[in-house]
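Inspection log for the structure reproduced underneath, given as C-alpha cells.
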Amino acid sequence: MFRNQIVGPKLARRALPCLVAGLVVLASAVRGQTDAKLLTAVVAQDGSGDFTTIQAAIATIGTGSPERPATIYVKRGVYRERVYVQREKRHVRLIGEDPASTRLVYGLHANVTGPDGQSIGTFRTPTFYVDADDFTVENLTFENDAGPVGQALAVAVHGDRVLFRNCRFLGHQDTVFLNRGRHYFEGCFIAGTTDFLFGGATAWFENCHILALADSYITATATPADAPFGFVFDRCRVRVAEGFETYLGRPWRDHAATLFMRSDLGEGIRPEGWHNWDKPWRETTSRYLEYANTGPGADRSRRVPWSRELSAAEAEAITPAVVLGGWDPTRVAPLPFAPPARTGRPSGSETNQPEGPTLFLAGDSTMADKPDLELPERGWGQLLRELVRPPLTVDNRAVNGRSTKSFLDEGRWYALLAALEPGDWVLIEFGHNDEKIADPTRYTAPDGAYRANLERFVRETRAKGGHPILATPVVRRRFDEASAFYDSHGEYPRVVREVARAEGVPLLEMEARTRELVEALGEEGSKALYQHFEPGEHPRLPEGRHDDTHFSELGARRVAELAVREIARLRLPLARYLVLDAPVAPPPRRVDGGASADSARLRVVPLFP
C-alpha cells in the first residue's frame with residue numbers, strides 16, 4: 001500500500017520519474033554489476049576496504065534476507081558524493097564507524113539549474129536517497145551543505161521499514177523528506193529551518209534531538225486521510241536556536257498528523273504550538289496532539305484550540321509496533337562496527353584503532369577540506385590530519401565562506417556541539433568572512449558580535465566538557481608597491497587575543513606565524529603558498545588563477561605545520577599526538593628577495609613521545 005502513495009502539492013510539481021532522474025544516474029553505470037554473493041563490504045577512502053565510495057558499495061552489494069542481511073561498513077571520512085539506494089537493495093545495513101567523523105555530504109539545492117535550463121526543484125536535491133525497503137542505517141551523518149538558499153534535502157526516503165539509529169541529519173529547509181512507508185529514528189540529531197521534517201510517511205522518533213535553526217516550522221506532514229498516525233516524537237529533546245521561535249508543525253495536506261509526547265520542549269517554541277498554513281479548513285481535519293511534555297515550550301495554556309492533549313489511556317496504547325503497523329524496530333539490535341579485515345590493506349592501516357579524543361576544527365575556507373583533489377586548492381585543516389597520529393581523530397567542520405555569525409546561523413556550531421564528547425578539543429579560527437561589512441549574513445563587528453561569538457564558542461565547549469583553542473586568522477598574501485607585506489585583518493586578531501587571555505584559553509598565533517612565513521619568502525616566493533597559476537599551467541585551470549587568500553597544497557601543509565608547532569609550543573596535551581611531517585617538494589618557482597619555499601619548511605617534533 002505504501003508504494004503507491006505519492007503525496008502533496010510539493011511532489012505534484014514534478015512527475016515521479018523526475019524525482020530520481022539525477023540520482024539514478026549514480027547507480028546506472030554499475031547497475032548489472034551487483035554481486036549477489038557479496039553480503040559484506042567495507043568502504044574506506046584510504047583504499048583499505050573493498051570500495052572507496054559509498055555509492056559503489058551500495059550498487060554492488062547483494063540483496064540480503066531477514067535472516068542474513070547484507071552489511072556495508074563505512075570507515076571514517078568525509079564522503080562528498082550523492083548516494084542512491086536502489087529499490088532492489090532490500091535487507092541491507094549501512095554501518096558507519098561513528099557519526100561525528102563518518103559523514104556523507106553534498107550541496108544541491110532547488111534553484112540549481114538543470115540540463116534543461118530549468119531549476120531542478122526540491123526533490124532532485126537529496127544527498128542520500130533510499131528507495132529500498134528494510135534498509136537500516138547506523139552511525140552516519142547526512143548533510144546538505146548548500147546553506148540557507150531554499151529547499152535542499154539531506155535525506156529522502158521512499159521505501160518502507162527504513163531504520164536510522166545514532167545518525168545526524170544536517171541541513172536547512174526540508175532537511176529530511178519521508179515520502180511514504182514506515183520509518184524509525186532512534187538517538188538521532190536532526191537540524192534545519194523550514195519544514196525540515198516533512199512528508200506523508202508514518203514515522204516514530206525515539207530519544208532524538210531536534211534543533212530548529214530559524215523562525216520556522218519543525219514538521220510539515222502530509223498524512224493520508226486513512227492513515228491513523230503520521231509523525232510521532234517520543235522522549236525527544238526539542239530546541240530552538242537562540243533568538244528564534246518555531247512552531248511544532250503545520251499541515252502540508254489536510255489530514256496532517258503529528259504527536260509530541262514525553263518530550264522536553266525548550267525555549268523558543270511558539271505558545272500557539274501549531275500553524276494552519278493559512279488554510280483555516282485544515283484546522284478541522286489536522287490531527288495535532290501532545291502528551292506529558294515538559295520544559296518551557298510545553299505549556300498548553302495558549303495552544304491553538306484545534307490541537308489537543310491525549311489522555312493517559314490513549315498515550316499508553318501508542319507504541320512503535322502499533323504506530324508502525326505491526327513492524328517493531330525496537331527488536332532490531334544495534335550492530336557494532338566490526339568490519340572484516342581485508343587482505344592487501346596498506347601497511348600500518350588497522351581496522352579498529354583505540355578510541356581517543358577528537359580534535360574538531362571550526363573555521364572558514366582557509367581551514368576547510370577541499371574534496372576535489374584534482375584542483376590545487378587545499379585547506380590547512382585538511383593537511384593537519386597528516387601531522388597527528390592515532391588515537392587522535394581530526395574532525396574538520398570548517399566550511400568555505402563562513403563567519404562566526406553564519407557558522408552559528410546555519411546550525412553548524414550546534415551540530416559540532418552535538419558530536420562533542422568530554423575530553424575532545426575544539427580549534428576555532430574565524431575572521432576572513434566576519435570582516436565582510438557589505439554582507440549582513442556574515443559580517444560581525446570586531447568588538448561586538450565577533451567577540452561575543454568567540455566567547456560563546458568557548459563557554460559552550462567547556463559546558464560540554466571539551467577543551468577550546470582559539471587561533472588568530474591566517475594572513476592573506478598582501479604586498480604594497482614597495483614590496484612590503486601589510487596586514488588585512490584589522491582589529492580581528494586583537495579581539496581573538498583578548499578573548500583568549502580573558503577566558504584563559506590556549507591561543508595559536510596563526511596570524512603572526514603565517515605573516516612571518518610570507519615575509520620570509522617574499523613577494524614572489526610566497527606565491528607558491530597560495531593559488532597562483534598562469535593560464536595553461538594547471539590542467540584544471542586553463543585560464544589561470546591568482547588568489548592570495550586560499551592555499552595550495554604546499555601552503556596548506558606549511559600552515560598545518562605552523563599550527564602543530566604552536567600546539568607544541570604551548571605544551572598542550574594534544575602535543576603527544578604530533579608526528580614528523582613527510583617531505584613535500586615545493587613547486588618549481590624562482591624566489592627573488594626571500595628564502596625558498598623549501599628552506600622555510602618547519603620541522604615538528606613531538607614533545608611527549
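Here are some notes:
- Most to least packed among 143-153, 453-463 [average Cβ atoms within 10 Å]: 143-153, 453-463
- Pairs of alpha carbons in the chain whose separation is greater than 41 Å (percent): 28 percent
- Amide H partners (placed H, <5 Å) of Gly379, local residues excluded: Lys370
- Each of Val130, Val78 was scored by other Cβ atoms within 10 Å of its Cβ. Listed from fewest to most, they are Val78, Val130.
- Remark on Val426: its backbone amide H falls under 5 Å from those of Phe360, His467, Ile469, a criterion applied only to residues 5 or more positions apart or on other chains, H modelled at 1.01 Å from N.
- Square roots of 5 times each gyration tensor eigenvalue, C-alpha, the stretch 358-577, largest first, Å: 27, 20, 17
- Sum of -39500 (n - 2.57) over DSSP H runs of 4+, divided by residues of the chain (222 nm, nearest 500): -5000 deg cm²/dmol
- A simple rule links phi to the HN-Hα coupling: the Karplus curve 6.51 cos²θ - 1.76 cosθ + 1.60 with θ = phi - 60°, which for the stretch 477-486 gives 7, 10, 10, 8, 5, 8, 6, 9, 5, 9 Hz, with x for Gly and Pro.
- Under-5 Å amide H pairs with Gly77, H placed in peptide plane, nonlocal only: Thr102, Arg103
- Each of Tyr79, Tyr414 was scored by other Cβ atoms within 10 Å of its Cβ. Arranged with the fewest first, they read Tyr414, Tyr79.
- About the centre of its Cα atoms, the stretch 272-348 shows a dipole size close to 440 debye [charges on the beta carbon of Lys, Arg (+1) and Asp, Glu (-1) only; nearest 20 debye].
- Checking every one of the trypsin sites (Lys or Arg not before Pro) in the stretch 287-329 against DSSP loop status and a limit of 10 other Cβ atoms within 10 Å picks out Arg302.
- Couplings 3J(HN,Hα) of the stretch 512-527, computed from phi: 5, 5, 6, 4, 4, 5, 5, 5, 5, 7, x, 4, 7, x, 6, 4 Hz, in residue order, whole Hz [Karplus 6.51 cos²θ - 1.76 cosθ + 1.60, θ = phi - 60°; x for Gly and Pro].
Laboratory data are not the source of any read-out in this text; all were calculated from the coordinates shown. Everything numeric in this text was worked out from a predicted model, so none of it was measured. Note that each Cβ is placed from the backbone with ideal geometry, even for glycine, and that neighbours are counted across all protein chains shown.
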